[in-house]
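Below is one structure, written out as structure tokens; comments come after it.
None of the figures in this text is laboratory data; all of them are computed from the coordinates on show. Since we're looking at a predicted model, the values are computed, not measured. Quick reminder, even Gly has a Cβ in these numbers, built from the backbone with ideal geometry, and neighbours come from all protein chains shown.
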Amino acid sequence: MKKGLFITFEGIEGCGKSTQARMLKEFLIKAGKHVFLTREPGGPKIAEEIRKMLLSVNNKEMLPQTEVLLYMASRSQHTGEWIIPELEKGKIVISDRYYDSTFAYQGAARKIDGKLIDTIRRYATFGLVPDITFLVDLPEEIGLSRILAKDADRLEQESIAFHKKVRNGFLELANKEPERFVVLDGNKSIKEIHDDVIDIICKELII
Ligand SMILES: Nc1ncnc2c1ncn2[C@@H]1O[C@H](COP(=O)(O)OP(=O)(O)O)[C@@H](O)[C@H]1O
Ligand SMILES: [Mg+2]
């Protein structure tokens, strides 16, 4: 039985997910909450090993089918070994990316059937759905300009057109589930976005 709160951050590369996830964690700790911050792909050992396969620039021949299954395999281990147990302890779990990224990257951008992804999603996550998902929305060219080309991983090296589809995919997901998603304007300053996040969280947690 889930007792904690599950918060996820989503959006294209460079939109500010990791920055905001970290700042929210610090805010909640100062407010006396028990917080568990994690990120995908990855988490526990097996999920991290799959992460290396997924992001390696040496794996350019990876098929979309393999990619979607590896993301979900990694997520399944992460959810079962870390996320659900932490939620059961009553913690606030923050994940920097979760399954919405698969719908945006492998679904909207790589054109894998959304219904198929949803079936695998339900199995891989044990039916866990985030309580709040913050989508940091930003034009793809701005997001990519914040990432150093020399450090770009296999997905980050995809074209601008690919990242445009990812961005639009995220916006469609937010439209479909407005009660779960909060869309944040990634053009704002780091501090302004953080304040928007805090407004929502304080209402949710009544702090
Ligand atoms: N709102 C913002 N405005 C300008 N720069 C930002 C903003 N948010 C994050 N950044 C910077 O952009 C880069 C990518 O941010 P990061 O949080 O790592 O993005 P993501 O995790 O979404 O890829 C970092 O150098 C970060 O300091
Ligand atoms: Mg990040």
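Observations on the model:
- Available extension along the chain between LYS188 and LYS111 is 24.7 nm, counting 0.36 nm per residue and deducting the alpha carbon span.
- Within straight-line reach of LYS3, meaning a Cα separation under 17 Å, sit the following lysines at least 8 residues removed in sequence or on another chain: LYS33, LYS89, LYS91.
- Among 152-158, 163-169, the peptide with the highest mean count of other Cβ atoms within 10 Å heads the list, and the full ranking is 163-169, 152-158.
- Ignoring lysines fewer than eight residues from LYS165 along the same chain, the ones with Cα atoms less than 25 angstrom from its Cα are LYS17, LYS52, LYS60, LYS111, LYS115, LYS150, LYS176, LYS188.
- Helix-only [θ]222 nm of the chain, DSSP H runs n ≥ 4, -39500 (n - 2.57) each, per residue, nearest 500: -14500 deg cm²/dmol
- Close amide H contacts of LEU37 (hydrogens built in the peptide plane, cut-off under 5 Å, sequence separation of 5 or more or a different chain): ILE94.
- ³J(HN,Hα) computed for each position of segment 55-72 - Karplus, 6.51 cos²θ - 1.76 cosθ + 1.60, integer Hz, glycine/proline x: 9, 4, 6, 7, 9, 4, 7, 4, 7, x, 5, 4, 4, 5, 5, 5, 4, 6
- Spin-label zone in segment 157-185 - amide nitrogen under 15 Å from a point set 7 Å from the Cα of ILE142 along the C-beta vector: 164, 167-168, 183-185
- Estimated from the Cβ-Cβ distance and a Förster radius of 22 angstrom, the FRET efficiency linking ILE200 and HIS34 is about 0.70.
- Label-to-label distance, LYS89 versus LEU171, with points set 7 angstrom from Cα along the beta-carbon direction: 4.0 nm.
- Between GLU26 and LYS3, the contour length at 0.36 nm per residue exceeds the Cα-Cα span by 6.2 nm.
- With the convex hull of the Cα atoms taken as the outline of segment 21-129, the averaged projected area works out to 7.2 nm².
- All aspartates and glutamates inside 15 Å of LYS45 as judged from Cα atoms, apart from same-chain residues fewer than 8 positions distant: GLU81
- Packing-based order for 22-30, 105-113, using average beta carbon neighbours within 10 Å, highest first: 105-113, 22-30
- Descending Cα extents along the principal axes, the chain, whole Å: 48, 36, 32
- Across segment 163-168, coupling constants 3J(HN,Hα) worked out from phi with the 6.51/-1.76/1.60 Karplus curve, θ = phi - 60°, read 5, 5, 5, 4, 4, 5 Hz, and Gly and Pro carry x.
- Taking amide H atoms as placed 1.01 Å from N in the peptide plane, the amide H of VAL183 lies under 5 Å from those of LEU135, each 5 or more residues away in sequence or on another chain.
- Given charges at beta-carbon only (K, R positive; D, E negative), |dipole| of segment 5-205 in Debye: 300
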